[in-house]
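Derivation of every value follows stated rules applied to the coordinates shown; laboratory data play no part. Everything numeric here is computed off the predicted structure, so don't read it as measured data. Reconstructed Cβ throughout: ideal geometry from the backbone, glycine too, with neighbour counts over all protein chains shown.
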Amino acid sequence: MALVERNAKLIETFDVGPGIRHFRFEVPDVERFEFVPGQWVSMTELVNEKKVTRAYSLASLPESNRFEICLNKVEDGLFTPYLFSLKPGDTVPTKGPVGAFTVKSKEREAIFVATGTGVVPFRPMLSQSGYLDKGTKAALIFGARFAEGLMFRGDFEALAERFEGFTFVPTVTRPAEGWQGRTGRVQPLLWELLGDRTDVDVYVCGLNEMVESIREELKLRGFDRKQIIVEKYD
């Protein structure tokens, strides 16, 4: 079934880190823009007389006819500089929502692993009703180069304070003086958290190299493919 294209109108933007911008849109011709946390939309526009389409994970929960995305500015990219140039009131042709990168079981314990903007779909996935608020255990390992790149850090810290079954583990590979959290890549932290367990679901989102390295190791450890849920950004 073909996806309906609608114009999404930009409501506001704000920066959440160096070169990272949060966008809030509304879809004027619908009363409610329904989606499942973890899904994405595609946006299309003519850039330099060339039709360009890009997919972006939704960073928000369903709320009236609005949705949010959050992304890095790719200086030599075709599409992100265009999005960063938008002003409130501008519109972008948008299709979706679509995608199967969603929570497969709200009862099973899970570990979420993300680097960079790969954490975006985890924000609504973890904050949706009927999940952490029902007592399900989960952990998020989130890696960035610098602490300033740990987008939504305050949101995840608030979830960890609110729900004793949720653990938030931020890590940076280039810590500045004064950083007191974990350092290094996300993979060793995942193996540390897992130990010998194979009875949890693992959700991984980020660049291909990180995602594939974790997927292959989990297979070697005896995880069923249905327990390994991934989304790649390149």
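Data table
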{"read-out": "Net charge, Cys70 excluded, C-beta distance under 12 Å - Lys, Arg +1, Asp, Glu -1", "value": "+1"}
{"read-out": "Magnitude of the charge dipole, the chain, Cβ model with Lys/Arg +1 and Asp/Glu -1, debye to 20", "value": "280"}
{"read-out": "Overall dimensions of the stretch 24-83 as given by Cα atoms, namely Rg and Dmax in Å", "value": "12.7, 37"}
{"read-out": "Kirkwood Rh and Cα Rg combined as Rg/Rh, the chain", "value": "0.97"}
{"read-out": "Order of Val211, Val36 under a 10 Å beta carbon neighbour criterion, fewest first", "value": "Val36, Val211"}
{"read-out": "Bridge type composition, the chain - antiparallel percent by DSSP, nearest 5", "value": "55"}
{"read-out": "Sequence of Phe142, Phe33 once ranked by neighbouring C-beta atoms within 10 Å, starting from the fewest", "value": "Phe33, Phe142"}
{"read-out": "Order of Phe223, Phe112, Phe146 under a 10 Å beta carbon neighbour criterion, fewest first", "value": "Phe146, Phe223, Phe112"}
{"read-out": "Counted charge near His22, where neighbours are those whose Cβ lies closer than 14 Å (Asp, Glu -1; Lys, Arg +1)", "value": "+2"}
